[in-house]
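Okay, so here's the structure we're looking at.
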Amino acid sequence: MTEETRPADPPPVVAVADEVDDVTRAVLAASHLLVSISTRALAAAVGDGVTPAQFRMLDVLVARRHVKLVALAGVMAVNPSTAMRMVDRLIAAGLADRRPNRENRRETVLTATDSGARLVATVTARRRAETAALLARLGRTERAGLVGALGALAAAGGEPAEVDPHGFPQPLGRTEPHFTG
């Protein structure tokens, strides 16, 4: 075979580890950006009054409405005594409340107050607005690629693809609010 008729060499195969490392770096960079957006949204809404961990707990309380301490500790991946201290701080700030369980008066359930729910809605709206402004700078094709890629990443991690402003899981693209009876 002459140089002109010989088939081209196949492109070099990228090692899977290199590919995973490249994606890992990109996801960590995006994660850092999203944490920064969340931190700015929380700071704008409450200053230094609520920590990110306390806000996450408040978000769980808003989403689940009535939660027992042990269940809340499990969701937060902390021990119940740590969860109780966090709840006590939220109660002192007027953002959460402890009430007797209607189904079993010997138990208590934790709930977000109206102020707590408003705080979650405010922070979530700020995060959504800043994220939307950032995404508006990308092209349509880049945004479409993110929908599939981030949806797959969320699914691989067992997370809902999107959470609405009230903390309820939504499939990507659904915009109507979630109502519970």
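Every number in this text was worked out from the coordinates using simple rules, so none of it is lab data. Just so it is clear, the structure is predicted and the values come from calculations on it, not from any experiment. Every residue, glycine as well, gets a Cβ built from its backbone with ideal geometry; the counts of neighbours run over all protein chains shown.
Stokes-Einstein diffusion of region 72-135 at 20 °C, 1.002 mPa s viscosity, Kirkwood radius from Cα pairs, rounded to a whole number: 158 µm²/s. Using a 7 Å offset from the Cα along the Cα-to-Cβ direction at both Ser115 and Arg40, what is the distance between the two label points in nm, to one decimal? For the pair Ser115/Arg40, the computed spacing is 2.8 nm. So what is Rg over Rh here for region 28-91, counting just Cα atoms and using Kirkwood for Rh? Looking at region 28-91, the ratio lands at 1.01. Modelled this way, with points 7 Å down the Cα-to-C-beta line, the labels at Ala154 and Arg137 are 2.2 nm from one another. Relative contact order of region 41-93: 29 percent, from C-alpha pairs under 8 Å at least 6 residues apart in sequence.
If you take the beta carbon distance between Ala125 and Leu146 as r and set R0 to 30 Å, what does 1/(1 + (r/R0)^6) give as a FRET efficiency, to the nearest 0.05?
On the way: r = 21 Å, r/R0 = 0.69.
Once rounded, the FRET efficiency stands at 0.90.
In a solvent-free Debye calculation with one equal scatterer on each Cα, what is log10 I(q)/I(0) for region 110-153 at q = 0.13, 0.26, 0.32 Å⁻¹, listed in the order of the q values? The Debye formula, applied to the Cα set alone, gives -0.46, -0.88, -1.03.
For region 99-155, the list of GluC sites (Glu not before Pro) that fall in a loop by DSSP and count at most 10 other C-beta atoms within 10 angstrom reads Glu103.
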